[in-house]
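Since the structure comes first, as structure tokens, the remarks are kept for the end.
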Amino acid sequence: MSESIFIKHAAQLVTVSGHTENPAKRDGMRELNCIEDGALLATDGKIIAVGTTEGIQTKYKNEINQAKQINASGKVVSPGLIDPHTHLVHAGTRENEYAMRLKGKTYMDIMNQGGGIHATTRATQQADVDQLYQESKQRLDTFLVNGVTTVEAKSGYGLTTEHEIKQLEVSQHLNENHVMDIVSTFMGAHAVPVEEKANPDAFVDRVISEMIPEIAKRKLAQFNDVFCERGVFTPEQSRRILEAGKEFGLIPKIHADEIEPYGGAELAAAVGAVSADHLLKASDEGIRQMADQDVIGVLLPGTAFFLMAEFAQARKMIDQGLAVALSTDANPGSSPTLSLQFIMNLGCLKMGMTPEEVITATTINAAHAIGRANQIGSLEIGKQADITIFDVPNYLTLSYQYGMNHVDTVIKCGQVVVEDGNLQTRALKKVR
């Protein structure tokens, strides 16, 4: 049981309410439902009241007297940020490839020469569980200090049954022990191993017949992802993998149309994926089909920024009725960042999103992209008390002042875990 929390006098309490049943689309992405001089009361890790400071103080006098009180005067209170696409668990870095790209090499050039995903795979296979756990925990701590309270974490740097299980077990142990929530995705189809490049269908068969059943039996993942891209997995191979996962209860996700138009968005709609991610080169027809089938577009502007590529057309997607979420795509090769706030900046400055849309895209729509919208993503009665308090006078400042961490306080399940911008290490225990 966590203590009661009463947050009062927020300059703006950004509730993002009203989109729990379905993700926000079109104009709905700009409806933040802010409350000035806002207040929130949470008990036992759940939100029990949201409103004005005067209104809640009048109605809940006894509860407030027993609560820890936080004065958010001059600050913005929002749902805890949610990152719906990360490659959290891995070993090694790839700054050497960064230097190669600055000299003209492309991402696929490096990958086809045995670098890229393959380089991280070698490092991850060689790392033991303790190394992976400790390095990933440090990343989670950084996410937390930057206002993120839930992340999705993919495997995909194992590429064998043994090492995919190792990655997912580390994610599971982190979810059990770290204050943050980690939602796991199996991504055995992240790349074809170098030694099997001549016969990729044999590797696809092994993902389907060996990896997916074992992952499902061990209950190590909720989602099943695939890198559908020319030179990686074809749409036909990707469909086989995603349909096989569905038979074992794994919900489809897909890395789609990142480097060239390849039918990934259309495939996401066809297989009923919860999200299609990247979409830099997605076709208009693919976006239309995704919107029709309520597939969420998870956009990763940090990847386009780091690879010096064209950005996804978020403005066009939103105007066409696609529900959009944003993510860091935190990984060592194409987006080595742990700052979702910077991604929000890029959403506005490089993809034509409004400040309101980027907040929706990193809260309730991100929650929908990982199947958690009934628990998190908005400040509404009955939801988990995952809350970020930003030391800014209004939410516009979050996307106006870029490259900065504006976090003052983070509350996870009703527990203060970041205060005055610093981790409260004594409090970093899972609340059950």
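The values are calculated or read from the model by the stated rules, or taken from the named source; none is laboratory data. Bear in mind the structure is a predicted one, so any value in this text is a computation, not a measurement. Note that we place each Cβ from the backbone using ideal geometry, even for glycine, and neighbour counts take in every protein chain shown. Note: areas computed on protein heavy atoms with side chains; ligands, DNA, RNA excluded. Shrake-Rupley method; radii C 1.70, N 1.55, O 1.52, S 1.80 Å.
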If you scan region 286-306, which residues turn out to be open to solvent by 40 Å² or more (accessible area, probe 1.4 Å) and out of contact with any Asp or Glu (no Cβ under 7 Å at 6 or more places or on another chain)? Arg288, Asp292, Gln293, Asp294, Phe305, Phe306
Cβ-Cβ under 7 Å pairs, at least 6 apart or on other chains, region 17-29 side on the phi > 0 side of the Ramachandran plot, far side not in a loop (DSSP other than H, G, I, E, B): Arg26/Ile318
Counting only residues that are over 21 Å from Asp37 (Cα atoms) and part of a loop (DSSP other than H, G, I, E, B), which one in region 392-414 is most open to solvent (accessible area, probe 1.4 Å)? Tyr402
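Checking the condition β-branched (Val, Ile, Thr) and open to solvent by 40 Å² or more (accessible area, probe 1.4 Å), which residue from Val226, Val194 passes?
The match here is Val194.
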Of the residues that make up region 115-137, is at least one open to solvent by less than 10 Å² (accessible area, probe 1.4 Å), within 25 Å of Ala304 (Cα to Cα), touching a strand residue (DSSP E or B) at 6+ places or on another chain (Cβ under 8 Å) and outside any helix (DSSP H, G or I)? no
Cβ contacts < 6 Å: first residue open to solvent by less than 10 Å² (accessible area, probe 1.4 Å), restricted to region 41-66; second residue in a helix (DSSP H, G or I), any location; separation 6+ or different chain. Result? Leu41/Ile56; Ala49/Ile56
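Just to verify a result, which residue in region 336-352, among those that are part of a loop (DSSP other than H, G, I, E, B) and in contact (Cβ under 8 Å) with a residue 40 or more places away in the chain, is surrounded by the fewest Cβ atoms within 10 Å (Cβ to Cβ)?
Pro336
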Of all residues in region 10-36, how many are open to solvent by less than 70 Å² (accessible area, probe 1.4 Å) and either in a strand (DSSP E or B) or among the polar types (S, T, N, Q) (or both)? 10
Return yes or no: is Ala373 under 20 Å from Pro23 (Cα atoms) and not in a loop (DSSP other than H, G, I, E, B)? no
So, restricting to helices (runs of 4 or more DSSP H) that lie completely within region 155-222, which ones have at least 3 residues that are in contact with a helix residue (DSSP H, G or I) (Cβ under 6 Å, 6 or more places away or on another chain) and not charged (D, E, K, R)? 161-177
Residue in region 415-432 that is modelled with the highest pLDDT, counting only those that are in a helix (DSSP H, G or I) and open to solvent by 50 Å² or more (accessible area, probe 1.4 Å): Thr425
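Determine whether Lys246 is open to solvent by 50 Å² or more (accessible area, probe 1.4 Å), in a helix (DSSP H, G or I) and either under 21 Å from Ser335 (Cβ atoms) or touching a strand residue (DSSP E or B) at 6+ places or on another chain (Cβ under 8 Å) (or both).
Details: open to solvent by 50 Å² or more (accessible area, probe 1.4 Å): yes; in a helix (DSSP H, G or I): yes; either under 21 Å from Ser335 (Cβ atoms) or touching a strand residue (DSSP E or B) at 6+ places or on another chain (Cβ under 8 Å) (or both): yes.
For Lys246, the condition - open to solvent by 50 Å² or more (accessible area, probe 1.4 Å), in a helix (DSSP H, G or I) and either under 21 Å from Ser335 (Cβ atoms) or touching a strand residue (DSSP E or B) at 6+ places or on another chain (Cβ under 8 Å) (or both) - is met.
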From the list Val145, Val151, Val183, exactly one residue is open to solvent by 10 Å² or more (accessible area, probe 1.4 Å), hydrophobic (A, V, I, L, M, F, W, C) and touching a strand residue (DSSP E or B) at 6+ places or on another chain (Cβ under 8 Å). Which is it? Val145
Filter result (buried (at least 20 other Cβ atoms within 10 Å of the Cβ), among the acidic types (Asp, Glu) and part of a loop (DSSP other than H, G, I, E, B)) within region 249-281: Asp257, Glu258
